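Structure record follows, encoded as C-alpha cells.
Since every read-out is calculated from the coordinates, none of them should be taken as a lab result. The structure presented is a predicted model; accordingly, all values stated were derived computationally and were not measured. Note that each Cβ is placed from the backbone with ideal geometry, even for glycine, and that neighbours are counted across all protein chains shown.
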Amino acid sequence: MALKFITEADLKDKKVLARFDFNVPMDKNDSSKIADTTRIDEALETINYILKSGAKKLVLMSHFGRPKGEINKKYSLEPVASYLSEKLGEDVILTETALDRGIKTLLNLNESRVILLENLRFHPEEEGNDREFARQLSTYGEVFVFDAFGAAHRKHASTYEINAFYKNKAYGGFLLKRELEALEKIINHPKVPFMAIVGGAKVSDKIKIIETLLISVDKLFIGGAMAYPFLKAQGYTIGKSLCSDEDVSLAKRILNTPSKTKIVLPLDHIVSGALDGKPEVLDSINIPEGKIGLDIGPRTLAHYQDFLKNAQTVLWNGPLGLFENKDFSKGTFGVAKTLSELKAYTLIGGGDSVNAVKLSGLTDKMSHVSTGGGASLEFIEEGSLPGIQALKFGID
Ligand code: AMP
C-alpha cells in the first residue's frame with residue numbers, strides 16, 4: 001500500500017486535523033521569542049494548501065518541549081500561534097488545552113478558521129500513546145494530515161494511535177514528502193562515492209547509524225567528540241577529551257569489523273586545557289594529558305576535503321567540535337563550506353549540524369536540510385518510522 005499524500009485528499013468543506021512538529025528552539029535570552037522558525041516555515045506549504053482547498057476548519061496540533069504530562073506555561077505554543085497568525089495573515093486561535101471543552105464550540109463557529117491545540121504533551125496520554133486521547137483528538141477533524149516528520153519516530157497518540165480513527169482518511173503533507181524523498185536518495189542506491197560524516201558527542205546514540213552506514217558508504221568520517229573513543233580504542237592517548245568506557249567498547253566492536261577500512265579518523269586536533277580555554281593546534285593524533293580535544297585540526301579538515309571532492313552523495317550528522325564556541329568551530333564550519341561547494345547530493349541530517357549550516361548561511365546550498373535529526377537517523381537505521389508506518393497501513 002502506498003502512502004497517500006494530501007494532494008489526493010478531498011478537503012472541501014471538511015474539518016481537517018493536522019499534526020505538525022512545531023517543537024522550535026526558543027531564544028535563550030527571551031523565552032517568548034522563537035530562535036529558529038524553520039519547522040514552522042516548512043509547514044506553511046501544507047497549511048496553505050489545506051486552506052486553499054476550501055477546508056472548513058483546520059485544527060493544528062503539535063508537541064513542544066518536555067513538559068512531562070503537566071500544564072506548564074513555559075511550554076505553551078503561544079509564540080507559535082502568534083508567528084503562524086502573522087505568516088498566514090489570519091487569526092490562529094490557541095486553545096486552553098488540547099481537550100478544552102470550548103473546542104467543540106469553536107468548531108461550530110463560522111469565524112476563526114484556524115485553531116491550534118495547546119501543547120499535546122501537557123497530557124501524559126500523548127506520550128502514553130493512549131487510544132482514548134487519540135479518539136478525543138480525532139473528534140476535531142474528519143480528515144487527518146500528518147506532516148510532523150520530526151516526530152514521526154515517536155509512537156505517541158497524535159503520531160501513531162490517531163491513525164486508528166482515520167482509515168483511508170489519513171494523508172501525508174508536503175514536508176513529509178520532501179523529507180522521505182531526500183532520505184530515499186540516501187537509502188536506495190545512493191550515487192557513489194557515498195560518504196558520511198558523523199560527529200557530535202554521543203557514541204552510544206549513534207552507534208547503530210554508524211554500523212548501518214558502514215554497509216553502504218565508501219568513506220565514513222568520524223569527528224567531534226565521537227572520534228575520541230575510536231582513537232582510544234586504537235591505542236592513542238586522548239587526554240581529558242570527552243569519552244566513556246562504554247563508548248570505547250562500542251568503538252572497539254566497530255573497529256573489529258572488515259568495514260573499519262572505510263573509517264577516517266582525525267589526524268590532528270584543536271585542543272585546550274579547558275572548555276573555555278585558549279585554542280591550540282596539536283599536530284599529532286595523540287592528545288597529551290591535561291588537554292581536551294575540542295575540534296578537528298587543519299590537517300584533518302584538509303584530509304576530509306580531499307576525499308569529499310570526489311563524493312556524489314554526502315550525509316552529515318553532528319558537529320565536528322564544540323562549535324558553539326567560535327574557537328572550536330573551524331572544523332564544523334569548514335565542512336559546511338566544503339559541502340556547500342560540492343556538486344554532490346548533500347543531505348544534512350541532524351540537529352546541531354543543521355544549526356551549523358544555518359549559522360553559516362549555507363542552507364540553500366545544500367540539497368536537503370532535514371527538520372528531524374532523530375527521525376532521519378532512525379529512518380536510515382530502520383528503513384521506516386512508526387508514524388509513517390501507521391499513516392501508510394493504518395492501525396486496528
Ligand atoms: P550530538 O547531540 O551527539 O550531535 O552532539 C552535539 C554536541 O556535541 C554539540 O553541542 C557539540 O558542541 C558537542 N561536541 C562536538 N564535538 C565536541 C568535542 N570535541 N568536545 C565536546 N563537545 C563536543
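Overview of results
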| read-out | value |
| --- | --- |
| Amide H partners (placed H, <5 Å) of residue 345, local residues excluded | 313, 314 |
| Phi to ³J(HN,Hα) by Karplus 6.51 cos²θ - 1.76 cosθ + 1.60 over segment 113-130, Hz, x for Gly, Pro | 6, 10, 10, 10, 6, 4, 2, 4, 7, 6, 10, x, 5, 4, 6, x, 6, 7 |
| Amide proton proximity set for residue 263, modelled H, under 5 Å, gap of 5+ | 220 |
| Which of 133, 328 has the fewest Cβ neighbours within 10 Å, and the rest in rising order | 133, 328 |
| FRET efficiency estimate (nearest 0.05) - Cβ-Cβ, residue 204 to residue 259, R0 22 angstrom | 0.70 |
| The chain: angle of helix 330-341 to the longest principal axis, Cα-based, in degrees nearest 10 | 70 |
| Inter-label distance, nm, simple model (7 Å from Cα along the C-beta direction), residue 168/residue 189 | 3.4 |
| Computed [θ] at 222 nm, helices only, for the chain once each DSSP H run of length n ≥ 4 contributes -39500 (n - 2.57) | -10000 deg cm²/dmol |
| Highest to lowest packing among 26-33, 207-214, 335-342, 116-123, scored as the average C-beta count within 10 Å | 116-123, 335-342, 207-214, 26-33 |
| Nonlocal amide H pairs with residue 15, under 5 Å, H built at 1.01 Å | 56, 57, 142, 143 |
| Acute angle (nearest 10 degrees) that the helix 245-255 long axis makes with the longest principal axis of the chain, alpha-carbon atoms | 80 |
| Distance-filtered residues of segment 286-302 - backbone nitrogen under 13 Å, label point 7 angstrom along residue 341 Cα→Cβ | 302 |
| Most positive-pole-ward Cα, 230, 279, 183, against dipole of segment 182-381 from beta carbon charges | 183 |
| Helix 373-382 vs. the chain, principal-axis angle (Cα, 0 to 90°, nearest 10) | 80 |
| Mean projection area, nm², convex hull over Cα of segment 322-396 | 6.2 |
| Paramagnetic reach from residue 244 in segment 209-237 [backbone N under 16 Å; point 7 Å along Cα→Cβ] | 225-230 |
| Summed residue charge, Cβ within 12 Å of residue 135's Cβ, Lys/Arg positive, Asp/Glu negative | -3 |
| Per-pair calculated FRET efficiency, R0 = 35 Å: residue 51 and residue 211 via Cβ, rounded to 0.05 | 0.20 |
| Estimated FRET transfer efficiency (residue 274, residue 135; beta-carbon r; R0 51 Å; 0.05) | 0.40 |
| Centroid-to-centroid separation of segment 1-73 and segment 174-243 [C-alpha atoms, Å] | 30 |
| Compactness of the chain - radius of gyration and Dmax, Cα, Å | 22.6, 70 |
| Ranked by how many other beta carbons lie within 10 Å on average, peptides 94-106, 56-68 from highest | 56-68, 94-106 |
| ³J(HN,Hα), Karplus 6.51/-1.76/1.60, whole Hz, each residue of segment 200-216, x for Gly, Pro | x, 10, 9, 4, 4, 6, 10, 4, 5, 5, 5, 5, 5, 5, 4, 6, 9 |
| Whole-Å distance, taken between Cα centres, linking segment 281-308 and segment 343-357 | 21 |
| Gyration tensor (alpha-carbon) shape descriptor, segment 6-175, a/c threshold 1.5 | rounded |
